[in-house]
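Structure record follows, encoded as structure tokens.
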Amino acid sequence: MKITEETMRQQQAGSSSGWTYYKFHIFGALLLVIALYIVGSSIYRTTFDTAFHCMYLNSRGESDINSEPIEKDFAEWMQFGKKELVVTETAFVSFGEKATEYSYAMMAKITALVMAHDLDVMIGDTTSTDHYASIGGFENLETILPPDVLALVQDRLYYAKDENGKEYACAIDLSGTEFAEVSNLSQDTPLLGLVAGSQRTDHSVALIR
């Protein structure tokens, strides 16, 4: 049986109208799946808690920062659960006349994290450590560390001036330590400071210990 041109046109028209009808249903179903995924992911993320948050500043070596000593080893030592997150970030910040748009953006992010009490430790160079020490960004290690922990790091304390121009022990010099080597820290002097206002200071002290 021969298929006439008219029959073919009718079949094509029917196929086209059918696709036009169904594509809206398919598109609607896809939108629904995407919406459900986004909502589900958002709800799932709320079941996680940040157990520790570390910011690496101005490490400019040839090798990338190795965050495993904190993200993996420290997390296992602390016996954090699967939904207790250990977060690490790397940033490069310049200050004063050398500051770039990126630097201003990162400083704004760090300020937001500090204000939200969601940043525990910063590991930076002398420039960044001096800057944040000068605005009261770090805890005084001589007053916040337990005596036994303070005794372990007494010879490595780094002093900088606070907002009133008074020197205080704001950081620990990590130079030559196994932690600095394994982490690929390349700051001129890698300094670890405990961020003021953190709600997880006990975890930061445990990291030093």
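Based on Cα contacts under 8 Å between residues 6+ apart, region 169-209 shows a relative contact order of 41 percent.
Summing +1 for each Lys or Arg and -1 for each Asp or Glu among the other residues whose beta-carbon sits under 13 angstrom from that of residue 161 gives -3.
Sorting 67, 134, 204 by solvent-accessible area of protein heavy atoms yields 134, 67, 204, largest first, with a 1.4 Å probe. A simple spin-label model places pseudo-atoms 7 Å from Cα toward Cβ; at residue 135 and residue 73 they are separated by 3.2 nm. Along the axis of the charge dipole computed for region 114-209 (Cβ charges of +1 for Lys and Arg, -1 for Asp and Glu, origin at the Cα centre), the listed residues 135, 165, 116 are led at the positive end by 116. I want to make sure I understand the PRE zone here: with the label point 7 angstrom from the Cα of residue 188 toward its beta carbon, which residues in region 98-116 have backbone N atoms less than 17 Å away? Counting only backbone N, you get 98-99. Among the trypsin sites (Lys or Arg not before Pro) found in region 114-172, those both in a DSSP coil and sparsely packed, with 11 or fewer other Cβ atoms within 10 Å of their Cβ, are 166. At 37 °C and 0.692 mPa s, grab the translational diffusion coefficient of region 121-165 from Stokes-Einstein with a Kirkwood Rh over Cα pairs, rounded to a whole number in µm² per second. Stokes-Einstein gives a translational diffusion coefficient of 291 µm²/s.
Apolar share of the accessible surface for region 130-209: 46 percent from carbon plus sulfur atoms, 1.4 Å probe.
For region 75-209, relative contact order (Cα pairs under 8 Å, six or more residues apart, normalised by length) works out to 28 percent. Distance distribution P(r), region 43-183, all Cα-Cα pairs, bin width 10 angstrom from 0: 10, 35, 40, 14, 1 percent.
Between the alpha-carbon centres of region 187-209 and region 113-178 there is a gap of 7 Å.
All other residues whose Cβ lies under 15 angstrom from that of residue 117 are scored, Lys and Arg at +1 and Asp and Glu at -1, for a net of -3.
Pop out the carbon and sulfur fraction of the accessible area of region 59-122 as a percent, whole number, probe 1.4 Å. On region 59-122, the fraction of accessible area on carbon and sulfur atoms equals 51 percent.
Simple spin-label estimate for residue 152 and residue 116 gives 3.0 nm between the two label positions (7 Å along the Cα-to-Cβ direction from each Cα). Summed over the residues of region 146-209 and divided among them, the accessible surface reaches 52 Å² per residue at a probe radius of 1.4 Å.
The values are calculated or read from the model by the stated rules, or taken from the named source; none is laboratory data. Nothing here was measured: the structure is a model prediction, and the numbers come from that model. Note that each Cβ is placed from the backbone with ideal geometry, even for glycine, and that neighbours are counted across all protein chains shown. Areas reflect the complete protein model, heavy atoms only, side chains present, ligands, DNA and RNA absent. Shrake-Rupley method; radii C 1.70, N 1.55, O 1.52, S 1.80 Å.
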